[in-house]
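Visitor: One structure coming up, written as structure tokens, with questions to follow.
What follows draws every value from the coordinates through simple rules; no lab data is involved. Fair warning: this is a prediction, and the values are worked out from it, not measured in the lab. Ideal geometry is used to build each Cβ from the backbone, glycine not excepted, and the neighbour counts take in all protein chains shown.
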């Protein structure tokens, strides 16, 4: 079945860039997503990318997709303390509607 | 836009009791998903509906769990009888027919003692 892997923790200094990485196994993935979850809250959709794209930029967020290596990354420029949260990578396969999530990366922004 | 609405936000119940979680999807969305989040297993899809019809319930843990969607604006997830291992945060999400986004509700934190 599908598998989505993320590292569990990342710490960065305020103002630096954060890069959160994700790998997936399903070659039929059509869309890949990044969600943000703050403590006690639901998942907020940050951005998503279609599998035939290499890059998508949205303000401070840049998503890079290497389809050959099945590697997805989320770069947050000028990371702020408000960016501290858990970031989930998710993929959607073929025509399926449901998402498969990674375990989440806890981003801690240090002052 | 109100977003996906879930109730209650918190539920504490005793083992053996029936629990009903409720979800109102975003108006106009035709797909609805129930997920469960735990520390041990992360986010797991339990079931999803398309146009009020259950499409994939392979994630439902066992017969104690059931889900319904009687109309396009309401869904329930019921656990009967509840057990301590059901303690988790249960999320509902909805998705539009022609869109690729999936929007999550705030979740219901269930504690079964």
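Visitor: Within region B:77-99, count every residue that is surrounded by fewer than 15 Cβ atoms within 10 Å (Cβ to Cβ) and under 15 Å from residue B:31 (Cα atoms).
Guide: Of the residues in region B:77-99, 3 are surrounded by fewer than 15 Cβ atoms within 10 Å (Cβ to Cβ) and under 15 Å from residue B:31 (Cα atoms).
Visitor: Another question about this same structure. Which of the residues belonging to region B:38-53 are surrounded by 15 or more Cβ atoms within 10 Å (Cβ to Cβ) and away from chain A (no Cβ under 11 Å)? Steps first, please.
Guide: Residues of region B:38-53 that are surrounded by 15 or more Cβ atoms within 10 Å (Cβ to Cβ), as a first pass: B:42-50, B:52.
Across region B:38-53, the qualifying residue is only B:52.
Visitor: Need the failing condition index for residue A:72 against (1) buried (at least 20 other Cβ atoms within 10 Å of the Cβ); (2) at positive phi, just the number.
Guide: (2)
Visitor: Same structure, new question: If we keep just the residues of region B:16-28 that are outside any strand (DSSP E or B) and in contact with a strand residue (DSSP E or B) (Cβ under 6 Å, 6 or more places away or on another chain), which is surrounded by the fewest Cβ atoms within 10 Å (Cβ to Cβ)? Steps first, please.
Guide: As a first pass, look at region B:16-28 and keep what is outside any strand (DSSP E or B): B:16-18, B:25-28.
Right, trim to in contact with a strand residue (DSSP E or B) (Cβ under 6 Å, 6 or more places away or on another chain) and you get B:25-26.
On the way: B:25: 26, B:26: 19.
Top of the filtered list is B:26.
Visitor: Another question, if that's okay. Where in region A:1-84 are there strands (runs of 3 or more DSSP E), lying wholly inside it, with at least 2 residues that are more than 14 Å from chain B (Cβ to nearest Cβ) and more than 23 Å from residue B:94 (Cα to Cα)? Let's see the steps before the verdict.
Guide: Numbers: elements: A:4-6, A:9-13, A:18-24, A:29-37, A:43-50, A:55-58, A:61-66, A:71-76.
Of the strands (runs of 3 or more DSSP E) lying wholly inside region A:1-84, those with at least 2 residues that are more than 14 Å from chain B (Cβ to nearest Cβ) and more than 23 Å from residue B:94 (Cα to Cα) span A:9-13, A:18-24, A:55-58, A:61-66, A:71-76.
Visitor: Being more than 21 Å from residue A:29 (Cα to Cα) and more than 14 Å from every other protein chain (Cβ to nearest Cβ), is that true of even one residue in region A:87-106?
Guide: no
Visitor: Looking at region B:29-113, what strands (runs of 3 or more DSSP E) fall wholly within it and have at least 1 residues that are under 11 Å from the mean Cα position of the chain (by Cα)?
Guide: Values: elements: B:31-38, B:42-50, B:53-56, B:65-71, B:74-79, B:88-95, B:108-112.
Qualifying strands (runs of 3 or more DSSP E): B:31-38, B:42-50, B:65-71, B:74-79, B:88-95, B:108-112.
Visitor: State the number of residues belonging to region B:54-84 that are in contact (Cβ under 8 Å) with a residue 60 or more places away in the chain and within 14 Å of another protein chain (Cβ to nearest Cβ). Spell out how you get there, then give the answer.
Guide: Narrowing region B:54-84 to residues in contact (Cβ under 8 Å) with a residue 60 or more places away in the chain: B:78-84.
After this cut, where a residue has to be within 14 Å of another protein chain (Cβ to nearest Cβ) as well, the list is none.
So the count comes out to 0.
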